[in-house]
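Here the structure comes first, spelled out in structure tokens, and everything after it is commentary.
Where a number appears in this text, it was derived from the coordinates with a stated rule and is not lab data. In this text, all values refer to a predicted model and were calculated from it rather than measured experimentally. Methodologically, a virtual Cβ is constructed for each residue, glycine included, from the backbone with ideal geometry; neighbour enumeration extends over all protein chains shown.
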Amino acid sequence: MEIHPLIEDSQTLADLCTRLAKSPFVAVDTEFMRENSYWPELCLIQISDGKEAAAIDPMAKGIDLKPLLDLLVENEDVLKVFHAGGQDIEIVHNLTAKTPYPMFDTQIAAMALGQGEQVGYSNLVDNYLGITLDKGARFTDWSRRPLDRRQIDYAIADVTHLAKIFPRMLDKLRKTGRGDWLDQEMERIGDPSNYVNDPEEAWQRVRIQGRKPEVLGRLKALAAWREREAQGKNLPRGRIVKDETLADVAAHPPRQQADLAKVRGLSASWATNDIGGRLMAAIAAAQPMPATDLPPRDDRKPGLGKDGGLVADLLKLLLKIRARDISVAPRLLARSEELELLAAGVRDDLAILDGWRYDQFGRDALALVEGRLGFAVKGGKLKMNRIGEEATP
């Protein structure tokens, strides 16, 4: 495989993208920093089609990333391969308002192949290639320049290895007939709405006790205010106000700005400065949350109760059996919160009752809840059987 020097100019990047546009797939990875900013700072992009590989410096003066971004979001003939690509996809979405398409995520593929839950990249490389990765550059400050040869080699290795692993995983998926599973997952992950930071929805990330409309209305207004402040200043939202402070102010709002000096977690200067004034304005403008927008009771577990909890436990047992039988990571089939919702009587908007998950697990889970499926022990193994039928062999 040809490894190019670090690309720092537009023409070299455009030429690379022209060649890669003819490839069936490209493996992609990014290095970024986000500890001190709201928006992740893109510091390096690595890409390979298995024949050539390069690292691109997006911080290079005057470099035009458009050919690369077009390759990722406009060219539907080239498959984009990531490993645990959520943050990489977020970065591309921030730059283009689109997500890469089509996509393949090797971490999710590993789950579909029964190779464990949330398989780390180093484990994947070791399992498929027998290579132990050098982790010495993991804590690099990728925003600092110049990058040395070791840092660049470390970064490029992520995509050169990925380009070798991907075809092997794809072959296994085809042999097991699970390619459609991955396609459905990629459609879900690739939905651009997953990566939009809407200030009006930010309140849903903040934990708060109770469901009082007045409190939740203030929380929604305050969370939206904080999100806009963080976006405008490009600071982590916790640097503006921490979640627990935001929830406390929503539950016990100060009557006047001077009272902000008494709020734990806020600087005393907020009692007189502009940002404190904007916080008070957000409180003043808040309206009680309409009943239709209130979150369901008890963390989306309506009426679970003691018996419902036992049913949820049975569903978790069923999940373990089914995951074992078809050799897939249980987490890919269903999450605990979905099982609890199903046990509580919820039927709408559950992933396990749709698509391949319904075929592989949801149908049996529904049958168990509705009394049409039970358990039996045969040959020392726990099996499922339809009520009124003999245990499955």
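Observations
- Mean separation of Cα contacts under 8 Å, 6 or more apart, over the residue count of the range 2-195: relative contact order %: 24
- Placing +1 on the Cβ of every Lys and Arg and -1 on the Cβ of every Asp and Glu, with no other charges, gives the chain a dipole of roughly 1280 debye about its Cα centre.
- Under a Gaussian network description of the chain, with springs only between Cα atoms under 10 Å, the residue in Leu260, Leu342, Leu222 that fluctuates furthest is Leu260.
- Here the simple spin-label model places points 7 Å from the Cα toward Cβ, and for Arg150 and Asp293 these points are separated by 5.3 nm.
- Greater than 26 Å apart at Cα, pairs in Lys220/Lys242; Lys164/Lys320; Lys51/Lys80; Lys98/Lys320; Lys212/Lys262: Lys164/Lys320; Lys98/Lys320
- For the chain, the mean residue ellipticity at 222 nm estimated from helices alone is -13500 deg cm²/dmol, where every DSSP H run of n ≥ 4 contributes -39500 (n - 2.57) and the total is divided by all residues, rounded to the nearest 500.
- Inter-label distance for His252 and Ala97, nm, one decimal - labels placed 7 Å from Cα along Cα-to-Cβ: 4.3
- A full extension of the chain between Leu317 and Leu129 corresponds to an added length of 64.2 nm, given 0.36 nm per residue minus the alpha carbon distance.
- Taking Cβ atoms as reference points and 13 Å as the exclusive limit, the residues near Tyr195 contribute a net charge of -3, counting Lys and Arg as +1 and Asp and Glu as -1.
- Qualifying lysines (Cα of each under 21 Å from Cα of Lys316; at least 8 residues distant if same chain): Lys301, Lys306, Lys378, Lys381, Lys383
- Computed extension length for Glu117-Arg174: 18.5 nm, one decimal, from 0.36 nm per residue of separation with the Cα-Cα distance subtracted.
- Of the residues Gly177, Gly114, Gly362, the one that moves most in a GNM of the chain with alpha-carbon contacts below 10 Å is Gly177.
- Charged-residue dipole, Cβ positions (Lys, Arg, Asp, Glu), the range 199-293 about Cα centre, Debye nearest 20: 180
- Estimated Rh, the range 28-92: Kirkwood, alpha-carbon pairs, angstrom: 12.8
- Gain in span if fully extended, Gln11 to Ile326, counting 0.36 nm per residue against the direct Cα distance: 108.5 nm
- Residue-count net charge about Val119 - beta-carbon cut-off 13 Å; Lys, Arg +1, Asp, Glu -1: -2
- Of the DSSP H helices in the chain, those whose Cα atoms cover at least 18 Å axially and whose Kyte score averages 0.0 or more: 305-326
- Net charge over other residues, Cβ less than 10 angstrom from the Cβ of His83 (K, R count +1; D, E count -1): -4
- If you run the Gaussian network model on the chain, springs between alpha carbon atoms under 10 Å, then out of Leu162, Leu219, Leu373 the most flexible one is Leu373.
- Label positions at Lys233 and Asn197, each projected 7 Å from the Cα along the C-beta direction, are separated by 1.3 nm.
- Computed on the range 98-228, with alpha-carbon pairs under 8 angstrom and 6+ residues apart, the relative contact order is 28 percent.
- Calculated Kirkwood radius over Cα pairs in Å (choose from (1) 24.4; (2) 22.5; (3) 21.7), label: (1)
- Most simply put, the chain has about 65% antiparallel DSSP beta bridges, counting only bridges with both residues inside it.
- Projected-area mean, the range 298-386, by convex hull of Cα positions, square nanometres: 5.8
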